[in-house]
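Below is one structure; the comments refer to it alone.
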């Protein structure tokens, strides 16, 4: 399940479901459990019925019928924070693993 169509097309997974929602929000907005469940149900149905490798099913959901400005923001260079240096990310991951290993 993806909201990054260009990346998904480049990776070419065996099957995928695309939802044109902001990155990280593939199942919808917070506090909309019925919509979230419906999107997951539709995705599971698609995964069961896709027969051709590389198929990407586009689900028909729209983030906001009256405002698609999120698309301009989410895909603007500099919108996402910079990635930390590898050493810093590795240290944070080691700390996280240690914290949850007990």
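Filtered by the rule that a residue be modelled with pLDDT of 85 or more, under 18 Å from residue 21 (Cβ atoms) and either surrounded by fewer than 10 Cβ atoms within 10 Å (Cβ to Cβ) or in contact with a helix residue (DSSP H, G or I) (Cβ under 9 Å, 6 or more places away or on another chain) (or both), the stretch 55-92 gives 56, 57, 58, 59, 60, 61, 63, 64, 65, 66.
On the stretch given as the stretch 10-25, residues that are in contact (Cβ under 8 Å) with a residue 12 or more places away in the chain and over 13 Å from residue 57 (Cβ atoms) total 6. The residue pairs whose first member lies in the stretch 30-45 and is under 13 Å from residue 58 (Cα atoms), whose second member is outside any loop (DSSP other than H, G, I, E, B), and whose beta carbons are closer than 6 Å, counting only pairs six or more residues apart or on different chains, are 43/17. Against the test of being part of a loop (DSSP other than H, G, I, E, B) and either at pLDDT below 90 or more than 13 Å from the chain's Cα centre (by Cα) (or both), the options 52, 41, 37, 96 yield a single qualifying residue, 52.
The values are calculated or read from the model by the stated rules, or taken from the named source; none is laboratory data. If you're wondering where the values come from, they're calculated on a predicted model, not measured in any experiment. Quick reminder, even Gly has a Cβ in these numbers, built from the backbone with ideal geometry, and neighbours come from all protein chains shown.
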